[in-house]
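Reading through the structure tokens given below for one structure.
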Amino acid sequence: TLLTTVGLALVLFLGVASLVRLVFASVLGPEGLLPLLIAAAVTVALTPTLKAITRDLVGRVYYRRRYSFRRALEHVARDLNAERDLPRLVERLEARVREALDAGEVRLLFVGPQGVMTSGPTRRALPDRLHASLYERLSRGDTLTLADIPSAPVSLPELHERGVQLLVPLRVEEMLIAVLAVGPRVRGTLLDSDDRDMLRSVAAHAASAVAGAAHLAELRHQMGLVDSLRARTEAVIESSPIGMAVIDREGTVRQWNPSLETLLSLPRSFAD
């Protein structure tokens, strides 16, 4: 990359110097230093761009097919660091894997007790279920091929119907939390060992982020339930024809309703 960048920068320098001399020959003079200074300034300004383009080209030539895998891992790592919302995280993860492999089917499925699987952030229950042996193998970190599972048409009907080829586990502290279900490429070719390596790397990167986003989503859900319960309780107290008051553990009256306000002939502002 360095040698190629230096070579391109030299070509750029000489090209700009020649162009400046040709266009402004009558003003600058062919032997002056000003064309060289202009060429040097242009070269310095464009060198970072040249270096980025060269790195990209060299990476494509050197890594060839694995180049897309490396880029996919970079994108996944960036998305995982930037995203905490579970639905968007799942959507981006699936899109990155689909883009890298040109796969027709990519789904993140959460795995619950007894091997029950749910689809992405919506947690739609699937008819598919991981039997104990499959659950154990995925928990160990094994990547499963549906073609090697004789019971797949019965135990994993939806995944089998969608043509899923691989199940890649996402584990946190050796506990299975989800699987990445990936099908063959759009053009029909099956995924090979390089693809499996890339998927395992993606799953290892994504497991902690997915688990964290799932816990955060559950926490937000529980907080929403608490707020809803509080609102309902307050509505019941306010609308009750019976005098009611809210008293904390120290015996301090925190709130009373209009009925109690009428009975005591005291405005509720008196409690403040």
Between 193, 139, 259, which gets the highest mean-square fluctuation from a Gaussian network model of the chain, Cα cutoff 10 Å? 259
Of 80, 190, 34, the one that fluctuates the most in a GNM where the chain has Cα springs shorter than 10 Å: 34
Dipole magnitude of the chain about its Cα centre, charges +1 at Lys/Arg Cβ and -1 at Asp/Glu Cβ only, in debye to the nearest 20? 840 debye
Could you give the nm distance between label points at residue 102 and residue 248, where each point is 7 Å from its Cα heading toward the beta carbon? 6.5 nm
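Rounded to the nearest 500, what is the chain's calculated 222 nm mean residue ellipticity when only DSSP H runs of at least 4 contribute -39500 (n - 2.57) each, over all residues?
Values: 10 runs with 160 residues, N = 272.
Per the formula, -19500 deg cm²/dmol.
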Between residue 2 and residue 24, how many nm apart are label points set 7 Å from Cα along the C-beta direction? 3.4 nm
Heavy-atom accessible area per residue - the chain, 1.4 Å, Å²: 61 Å²
What residues have an amide H closer than 5 Å to that of residue 128, excluding those fewer than 5 places away on the same chain, when H is modeled at 1.01 Å from N in the peptide plane? 158
Mind checking which of 262, 118, 54 has the largest fluctuation in a GNM of the chain, springs on alpha carbons under 10 Å? 262
Report the extension gain between residue 116 and residue 194 in nm, rounded to one decimal, defined as 0.36 nm multiplied by the number of residues separating them, less their alpha carbon distance. 25.2 nm
Carbon-plus-sulfur fraction of the accessible area of the stretch 85-132, 1.4 Å probe, in percent? 50 percent
Let me check something: with ligands and nucleic acids excluded, how do 38, 53 order by accessible area (1.4 Å probe), largest to smallest? 53, 38
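For a quick protection proxy, order the peptides 140-152, 243-255, 207-219 by their average other-Cβ count within 10 Å, most packed first. Provide the component values of the computation, followed by the final result.
Values: 140-152: 14.3, 243-255: 10.8, 207-219: 16.6.
By packing density, highest mean first, the sequence is 207-219, 140-152, 243-255.
Could you give the C-alpha radius of gyration of the chain expressed as a fraction of 2.2 N^0.38 Å, taking N as the number of residues it contains? Spell out each step's value before the answer.
Working: Rg = 31.7 Å, N = 272, 2.2 N^0.38 = 18.5 Å.
Dividing the Cα radius of gyration by 2.2 N^0.38 Å gives 1.71.
When you count, for each residue, the other Cβ atoms within 10 Å and take the mean per peptide, how do 222-235, 89-102 rank with the highest first?
Details: 222-235: 10.3, 89-102: 19.8.
Result, highest mean first: 89-102, 222-235.
Mind giving me the FRET efficiency for residue 49 and residue 220? R0 is 45 Å, r the Cβ-Cβ distance, nearest 0.05 is fine. Walk me through the numbers on the way to the answer.
Working: r = 43 Å, r/R0 = 0.95.
For R0 = 45 Å, the calculated efficiency reads 0.55.
The values are calculated or read from the model by the stated rules, or taken from the named source; none is laboratory data. Since the model is a prediction, treat every value here as computed from it, not as a measurement. Positions of Cβ are backbone-derived with ideal geometry, glycine not excepted, and every protein chain shown enters the neighbour counts. Just the protein is used for accessible areas: all its heavy atoms, side chains included, with ligands, DNA and RNA removed. Shrake-Rupley method; radii C 1.70, N 1.55, O 1.52, S 1.80 Å.
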